[in-house]
Amino acid sequence: MVGGFVVLALLGSACSDDDDDSSSGSDSSQSDDSSNDSASTASRDDYINAFVDGAADSGMTTDESKCIAGALMDTVSLDVLREKVTPDEIRQGGGNISEFGLSEEEAGGLVDAMGECADLRGLFLSSGGQQSPEFVTCLNGLIDDTTFRQYVVALFTSTDGTLPPDLKTRLTDAYNTCTAQTGGATPTTAGGS
């Protein structure tokens, strides 16, 4: 299947594919204050800082991460976030946007808002740089904007991780075609590992 987020996993796991506590170069006091990690007292800024910290290795700039986190915070209420995930869990790659109970309309609005912050196609299709440039170029040529948007909306709304059959078929066909044309999704390294 086509790799995704980042983002989100950006965006699949709250805009992060990182599972360590590394900082994004932001003020380290943002992530070191353990009193802010209690979900019941966490503020909007605590969550935004956690998203930025968690997305440090996602390929996004700090400004892009803040913008995407702001878009998420504008869509998902602070109360829902507090109920589902702590800032600390987000920093460690926890939390999944699909757990927030977004409707398709809300998820579509979130995708549009996030798209104003960063190149979502680039982030999702490259899986944070985990795919070869040739493979990403091929996918970009085969997956149109409508299909891409449907894919991300489905990721954000599917509680069981499944995609609608027609969408899954289109994405699988594109993935298989690009794998055949480029020799695979994973970039090769010098020395052939």
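Overview of results
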item	result
Positions within segment 68-96 being crowded, with 21+ Cβ neighbours inside 10 Å and more than 19 Å from L110 (Cα to Cα), in sequence order	T86, P87, R91
Evaluation of I90 against (1) touching a helix residue (DSSP H, G or I) at 6+ places or on another chain (Cβ under 6 Å); (2) without any contact (Cβ under 8 Å) to a residue 60 or more places away in the chain (one fails), failing number	(2)
Matching residues, segment 49-67, being surrounded by fewer than 19 Cβ atoms within 10 Å (Cβ to Cβ) and closer than 20 Å to D88 by Cβ	D57, T62
Pick from segment 159-193, criterion among the aliphatic types (A, V, I, L, M) and at pLDDT below 85, ranking: farthest from G141 (Cα to Cα)	A190
Filtered residue count, segment 136-156, keeping only those that are crowded, with 19+ Cβ neighbours inside 10 Å, in contact (Cβ under 8 Å) with a residue 24 or more places away in the chain and within 19 Å of the chain's Cα centre (by Cα)	8
Helices (runs of 4 or more DSSP H) (entirely within segment 75-121) containing at least 2 residues that are under 14 Å from the mean Cα position of the chain (by Cα)	87-91, 104-115
Selection from segment 57-76 of residues that are among the small types (G, A, S) and either under 13 Å from F156 (Cβ atoms) or out of contact with any helix residue (DSSP H, G or I) (no Cβ under 9 Å at 6 or more places or on another chain) (or both)	A71
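The values are calculated or read from the model by the stated rules, or taken from the named source; none is laboratory data. Here the structure is a predicted model, which is why all the values come from computation and not from measurement. Note: ideal-geometry Cβ built from the backbone for every residue, glycine included; neighbour counts use all protein chains shown.
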